[in-house]
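A quick write-up on the structure given underneath.
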Amino acid sequence: MQEFEPRIVAFLCNWCTYTGADLAGTSRLQYPPNIRIVRLMCTGAVDTIYVLKALIEGADGVLIGGCHPGDCHYQTGNYKARRRITILKKILNRFGYDEDRIWLRWISASEGKLFADTTAQMVEELKDKGPNPIKQLWMV
Amino acid sequence: MSKITLKIDDRQVSTESGSTVLEACQELGIKIPTLCYRKGLPSYGACRLCLVEVGERARTQLKAACTFSLQEGLVVRTNSEKVQRTRRIMAELLLARCPDSEKVKEVAAELGVTDTRFPKKNEDCILCGLCTRVCSELMKTGAIDFSGRGDTRKVGPAYDKHSPICMACGACQVVCPTSTATVEDVATRQARPIASDYNAGLVSRPAIYIPFPQALPNVPVIDREHCIHFLTGACKACEAFCPAGAIDYSQEDEVVEIEVGAAILTPGYCIFEAGQKLELGYAWYPNVITSLQFERLLSASGPHGGKIVRPSDLKAPKRIAFIQCVGSRDAERNYCSSVCCMYATKEAIISMEHEEDLECNIFFMDLRAFGKGFDAYYERAKELGVIYTRCRPSSVEEIEQTRNLRIGYTDEDNHFVTREFDLVVLSTGLRPPAEVKELAKKFEVELDSNGFALTSMFNPVESSRPGVYVCGPFSEPKDIPETVMEASSASAKAMALLTEKRGTLVTQKEWPPERDVSGQRPRIGVFVCHCGVNIGGVVNVPEVREYAKTLADVVFAQDNLYTCSIDTQESIKKAIEEYNLNRVVVASCTPRTHEPLFRETVRDAGLNPYLFEMANIRDQCSWVHMHQPEEATRKSKDLVRMAVAKARLIEPLYSMPIPVKSGALVIGGGMGGMTAALNLAEQGFEVNIVEREEELGGNLKNVHYLLGAEDPQRQLGEMILKVNNHPNIRVWMGANIKSVDGFVGNFKTAITQDGKEAEIEHGAVIVATGARERMPDEYMYGSEERVVSQRELEEKLARGEFEAKRVVMIQCVGSREGDRMYCSRICCSQAIKNALKIKEDYPETDVFILYRELRTYGFRERYYTAAREKGVRFVRYDVDQKPLVSAANGRLRIETKDPILGSMLQIDSDLLVLAPAIVPQDDVEDIAKMLKTPLTKEKFFLEAHMKLRPVDFSVDGVFLAGMAHAPKNVEETITQAEAAASRAATIISKAEYTPEAIVCSVDEDVCAACGICVSVCSYDAPEIVTVRGKRVSKINAALCKGCGACASACPSGAVQQLGFRAKQLFEMVSAALE
């Protein structure tokens, strides 16, 4: 049987993590091709609906990447994201859904390596978890 | 060359004659294994892995693709059973020759061969001849060649002796697929790698290189001093390699003449050559490095990817020592480099965050954490376990066996101690680069004995020559915020000088009329970029292009070698016209660098610039999946599909320019406020100064002399005169701000004066409200009249009322402890200034300064030295053992512990002088509330960014100067005030303010006026208003920064971020997971 290849949707802020992902490229750091990146201006603009939409449509994991605390281009967008994602995870947990499929990470524009490592690590952990069960759960 | 057509793997191919089958296949993205082919070198056909089948039916032959030329009508099969079988045998033969070579194993494995049936020979070299060809053909040297025949054939220098003609260029080593060829085996001389400047010499770099990852433009440069081509005329490998043909060896430096009205010199700094300090061992020991090298080690983009390893054995050190003041504060360089204490602290903190069980020990003399927020950071470092040892180490010696280092120093108890460390980091000081001497000569500006530019206290960015300004560490060592302030200040000076000429060199670009695409069905054009081999070498670009054509609404798709080239831009415009495209998608690099260019292209073709979308298939695909071409191609298709999905829903966006009121309001009439106002007035803007007191001058009124010869009262008097007489300035004395309404470019402020109220309109605000001394409540201040503050002492000295045989000064009274965990910055210099004045006018008076750290940063150090020479006695005290003050026998008795003597010191004194803390004005909170600007915990105004935007606020149109920001000296206040004026001028010098186009907007039909958007916004952009009788939220586009926080918070979806609408993102997510 072919190895399970998780699919990750990433919402990255324009100023830090998206730029960090670009730096991973200019530095030619290799990471698994399982990730599809959606660029946003700020993690504060990540509506939890987007995360749910990705999970419902079959993403095995969602990565939200923003600026380190205190470094937000819009002052506090990353704090807003942190609050929202924390609440979302709590709610999902209540439904018996594995909250660790959602990763919120602070990766700065100069941390290309951290971005590559984070992606690789996330792919590894999702491989252990197996496919997103939401479709089956949905049927019930 | 002519066009020929041939058939490769059943595909009709039309290509240029003159190339080989291998080259044609590579262009088509057909992968053919090879070990002996390299672009730019003549083909040799040695490895036989690239065999292909040519000819038709029974008349086929196996040929090496790398040497077989294309012919008209040729039929080539690259993957037939026969080809596969033969390649596998070749791989087996190679594997038999070199069974341990990783590269051979890798290539064989790709062909499905993991073992060989032939007898193993255990050689290293596969005789591919790449090294001999590169040596003779490219380098024109011929230091190595084949010798022997049959199974004794081998590669080496003549007679197997090291060759004197070898240049040790290392080309053979670079091209060798099995890593067998080495320079050491051939050359008589030693290979000398070129040290990488970017990595502070820790690793080497090639002679053609991109100076650093974020370089602009991000293109390689050739180091002519080391490039073989420039040295011998040979090589030209890069020219052969570059598919864009971008290498041009004939380029020369040009002399360009430009006429300017002002010049700003910013040559920056160099670090002190640590090798000069022989006792610290940098010249000999590999594990003694400079702080800049350590900074590179810490960096994720550094030589070891952010892993802290020491140079001798690449092992992680467990004990790191930082030695401060290397090349600062010594006899030759009698200045403090100002930044080293903090960068060492930062490096220590980061290292300890990186590695567990790491010990960081900082050896220092005075910890000069004088900047905003620095002392709190220093305290945090101590909490995290950074060890601070007060001493100046006298020696660093290497322990031969372990290559560890032994540091010898005298500790505070006067004992000589040695301690062992794994790594020693020297905090090297700052000095001007050597080239500044020539620069100064060209510009005729004067330098001081250390090579820093001469400036004066009241004109901190003016050089000795009018019209030539300097900023940054060129005039004095300084940190980033001060440098940024000086840069803005220098531009303010230049703008004031050149006011009449402002805007005269600007030409407006003419745009064609914009096409109305409303109501049209999307007609999308997709342009997929090869980016030379950057994308095309990994991703199958033609396949992606063909795929794009299958997507709904895509009416046109093409691939381009370089989409950003001028001719492709033209072809995009042509395609927009020809196919009536109304959306454009480019799949290439990152929108961060290229979106503006492509937006301009589509605008040039008559489309709204926001009808454009990008798919990042290079930085986030081909470059990061270089060894997975199939997956990368699949991912590129996904990314194109996502971009097209969004493109279907994108809409034209506009930003509506808002008219700007040209004047400025300056709050505060001290030195900072006046400086800012005068600069703006000189630039031709109207300025209103609001001062709550009845006279101008602020704190400087109480300053009677300075370190240095300048007379502050004369300077202040001149400034007040200029301000009062300037036709563009109106001063409101004894006035207060009642309210501030409006936003950037359009403020309306109510002022109260003498019970009357006035209203002024202005485009920008400068906050220069200053700070004040905190009245001490310790050391008997207030109850004993012989206890005075430094300011009161200065007053006495200036009036000639000073009378004392012995003076004791206590520093840090109320600063750096408790709620005021910050340094008041000016008091050390102030104490030394007053001490020097006493020593000058009353030489027989004894002066004692009791201090915690002496923070005479920058050139102030010289006065510290002078004070010690004049006999001022400095005694350090600890915060947990403060001096005790009592009145005894008609004198004041001060008792303090002298850490050098180790015992209590009793000083009977006639006068005790305290250095009180600098605290914010009492009404800052009111002003901050009116301006909607944030404050720090200590109630100083909080700038937009501590380092990079030190005079801006997060609120547009409001700027900051002077002690309202943090305690600072008069020259720093002047710099920041001019910087604030410069920043304000960027707004009020324009007739209009163009806000972001990507902003949030409200669908009023859906909005329920719940106000969540109002509470979420950091910029006060949304407001609840009544429109046609309905309460709705309205977003002020002038204030909106387009972060989208309100859109994601809106419970009804009424607020949408333009360019990132929820439905656009939904479509992207669905497309990603299709």
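If I ask for residues that are at pLDDT 95 or above, in contact with a Phe, Trp or Tyr (Cβ under 7 Å, 6 or more places away or on another chain) and either within 14 Å of another protein chain (Cβ to nearest Cβ) or assigned to a loop (DSSP other than H, G, I, E, B) (or both), which ones from the stretch A:117-137 would you list?
A:119, A:120
Scan the stretch B:634-664 residue by residue and report those that are farther than 30 Å from residue B:535 by Cα and polar (S, T, N, Q).
Result: B:655, B:662.
Keeping to the stretch B:574-599, report how many residues are touching a strand residue (DSSP E or B) at 6+ places or on another chain (Cβ under 8 Å), among the aliphatic types (A, V, I, L, M) and assigned to a helix (DSSP H, G or I).
So the answer is 2.
Every residue, every condition in (1) outside any loop (DSSP other than H, G, I, E, B); (2) touching a Cys at 6+ places or on another chain (Cβ under 7 Å); (3) of a type in the set (Gly, Ala, Ser), yes or no:
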site: B:476; (1), (2), (3): no, no, no
site: B:483; (1), (2), (3): yes, yes, no
site: B:486; (1), (2), (3): yes, yes, no
site: B:495; (1), (2), (3): yes, no, no
site: B:509; (1), (2), (3): no, no, no
site: B:525; (1), (2), (3): yes, no, yes
site: B:544; (1), (2), (3): yes, no, no
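Conditions tested, residue by residue: (1) surrounded by 17 or more Cβ atoms within 10 Å (Cβ to Cβ); (2) more than 14 Å from chain A (Cβ to nearest Cβ).
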| site | (1), (2) |
| --- | --- |
| B:624 | yes, no |
| B:676 | yes, yes |
| B:715 | yes, yes |
| B:727 | no, yes |
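If I ask for residues that are more than 28 Å from residue B:178 (Cα to Cα), modelled with pLDDT of 90 or more and surrounded by fewer than 19 Cβ atoms within 10 Å (Cβ to Cβ), which ones from the stretch B:55-79 would you list?
B:61, B:75, B:77
Check A:82, A:101 and return the single one that is modelled with pLDDT of 95 or more, surrounded by 14 or more Cβ atoms within 10 Å (Cβ to Cβ) and within 12 Å of the chain's Cα centre (by Cα).
Unique residue meeting the criteria: A:101.
Go through (1) in a helix (DSSP H, G or I); (2) within 42 Å of the chain's Cα centre (by Cα) for residue B:749 and report which single condition fails.
(1)
Hey, could you check the stretch A:18-73 for residues that are in a loop (DSSP other than H, G, I, E, B), small (Gly, Ala, Ser) and within 7 Å of chain B (Cβ to nearest Cβ) and say which is surrounded by the fewest Cβ atoms within 10 Å (Cβ to Cβ)? Spell out how you get there, then give the answer.
The first filter runs over the stretch A:18-73 and keeps only residues in a loop (DSSP other than H, G, I, E, B), leaving A:27-34, A:41-42, A:46-47, A:57-60, A:67-73.
Still in the list and also small (Gly, Ala, Ser): A:27, A:58-59, A:70.
Of the ones still in play, those that are also within 7 Å of chain B (Cβ to nearest Cβ) are A:27, A:58-59.
Details: A:27: 18, A:58: 16, A:59: 25.
Only one residue fits best here, namely A:58.
Collect the residues in the stretch B:140-153 that are within 26 Å of residue B:39 (Cβ to Cβ), out of contact with any Lys or Arg (no Cβ under 9 Å at 6 or more places or on another chain) and open to solvent by 20 Å² or more (accessible area, probe 1.4 Å), keeping them in residue-number order.
Start the filter on the stretch B:140-153 by keeping residues that are within 26 Å of residue B:39 (Cβ to Cβ), which leaves B:140-146, B:153.
Checking which are out of contact with any Lys or Arg (no Cβ under 9 Å at 6 or more places or on another chain) leaves us with B:140-145, B:153.
Those that are within 26 Å of residue B:39 (Cβ to Cβ), out of contact with any Lys or Arg (no Cβ under 9 Å at 6 or more places or on another chain) and open to solvent by 20 Å² or more (accessible area, probe 1.4 Å): B:140, B:141, B:142, B:145, B:153.
State all residues of the stretch B:1015-1025 that are open to solvent by 40 Å² or more (accessible area, probe 1.4 Å), within 14 Å of chain A (Cβ to nearest Cβ) and free of Cβ contacts under 8 Å to residues at least 40 places away in the same chain; if no residue qualifies, say none.
B:1015
For the stretch B:600-624, enumerate the residues that are touching a residue at least 24 places away in the same chain (Cβ under 8 Å), in a helix (DSSP H, G or I) and farther than 15 Å from residue B:525 by Cα.
B:604, B:618, B:619, B:620, B:621, B:622
With (1) under 28 Å from residue B:483 (Cβ atoms); (2) touching a Lys or Arg at 6+ places or on another chain (Cβ under 6 Å); (3) open to solvent by 30 Å² or more (accessible area, probe 1.4 Å) as the list, and residue B:945 as the residue in question, which single condition is left unmet?
(2)
Residue-wise test of (1) within 14 Å of another protein chain (Cβ to nearest Cβ); (2) in contact with a His (Cβ under 8 Å, 6 or more places away or on another chain); (3) under 21 Å from residue B:407 (Cα atoms).
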| position | (1), (2), (3) |
| --- | --- |
| B:296 | yes, no, no |
| B:301 | yes, no, no |
| B:304 | yes, no, no |
| B:317 | no, no, yes |
| B:331 | no, no, no |
| B:341 | no, no, yes |
| B:348 | no, no, yes |
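Please count how many residues of the stretch B:326-357 are aliphatic (A, V, I, L, M), open to solvent by 10 Å² or more (accessible area, probe 1.4 Å) and either modelled with pLDDT of 95 or more or under 30 Å from residue B:964 (Cα atoms) (or both).
Counting residues in the stretch B:326-357 that are aliphatic (A, V, I, L, M), open to solvent by 10 Å² or more (accessible area, probe 1.4 Å) and either modelled with pLDDT of 95 or more or under 30 Å from residue B:964 (Cα atoms) (or both) gives 2.
Any idea which residue in the stretch B:1049-1069 is farthest from the other protein chains (Cβ to nearest Cβ), counting only those that are buried (at least 20 other Cβ atoms within 10 Å of the Cβ), touching a helix residue (DSSP H, G or I) at 6+ places or on another chain (Cβ under 7 Å) and part of a loop (DSSP other than H, G, I, E, B)?
Restricting to residues being buried (at least 20 other Cβ atoms within 10 Å of the Cβ), touching a helix residue (DSSP H, G or I) at 6+ places or on another chain (Cβ under 7 Å) and part of a loop (DSSP other than H, G, I, E, B), the top hit is B:1050.
Confirm whether residue B:211 is open to solvent by 60 Å² or more (accessible area, probe 1.4 Å), under 19 Å from the mean Cα position of the chain (by Cα) and either within 14 Å of chain A (Cβ to nearest Cβ) or free of Cβ contacts under 8 Å to residues at least 24 places away in the same chain (or both).
Criteria not met by residue B:211.
Of the numbered conditions (1) assigned to a loop (DSSP other than H, G, I, E, B); (2) closer than 20 Å to residue B:1071 by Cα; (3) open to solvent by less than 50 Å² (accessible area, probe 1.4 Å); (4) within 10 Å of chain B (Cβ to nearest Cβ), residue A:6 fails exactly one; give the number of that condition.
(4)
Of the residues that make up the stretch B:988-1010, is at least one within 14 Å of chain A (Cβ to nearest Cβ) and surrounded by 21 or more Cβ atoms within 10 Å (Cβ to Cβ)?
yes
Can you tell me how many residues in the stretch B:274-306 are out of contact with any strand residue (DSSP E or B) (no Cβ under 8 Å at 6 or more places or on another chain), open to solvent by 40 Å² or more (accessible area, probe 1.4 Å) and charged (D, E, K, R)?
Result for the stretch B:274-306: 1.
Give the residue, chosen from B:590, B:563, that is of a type in the set (Ser, Thr, Tyr) and facing chain A (nearest Cβ under 10 Å).
On inspection, the qualifying residue turns out to be B:590.
Consider residue B:120 against the criteria (1) open to solvent by less than 40 Å² (accessible area, probe 1.4 Å); (2) assigned to a loop (DSSP other than H, G, I, E, B); (3) touching a Pro at 6+ places or on another chain (Cβ under 8 Å): it satisfies all of them except one. Which criterion is unmet?
Among (1) open to solvent by less than 40 Å² (accessible area, probe 1.4 Å); (2) assigned to a loop (DSSP other than H, G, I, E, B); (3) touching a Pro at 6+ places or on another chain (Cβ under 8 Å), the lone unmet condition for residue B:120 is (1).
Among the hydrophobic types (A, V, I, L, M, F, W, C), under 26 Å from residue B:488 (Cα atoms) and in a loop (DSSP other than H, G, I, E, B): which single residue out of B:1006, B:955 fits that description?
Only one candidate passes the filter, namely B:955.
On the given criteria, is residue B:862 modelled with pLDDT of 95 or more and of a type in the set (Lys, Arg)?
So residue B:862 passes the test.
Only one of B:103, B:7, B:31 is touching a residue at least 12 places away in the same chain (Cβ under 8 Å), in a helix (DSSP H, G or I) and surrounded by fewer than 19 Cβ atoms within 10 Å (Cβ to Cβ); which?
The unique qualifying residue is B:103.
Which one of these is of a type in the set (Lys, Arg), part of a helix (DSSP H, G or I) and free of Cβ contacts under 8 Å to residues at least 12 places away in the same chain: B:57, B:85?
B:85
The values are calculated or read from the model by the stated rules, or taken from the named source; none is laboratory data. Since the structure is predicted, the reported quantities are computational estimates derived from the model, not experimental observations. Virtual Cβ from ideal backbone geometry, glycine too; neighbours counted across all protein chains shown. For the accessible areas, the whole protein counts, side chains as well, though only heavy atoms, and no ligand, DNA or RNA atoms are used. Shrake-Rupley method; radii C 1.70, N 1.55, O 1.52, S 1.80 Å.
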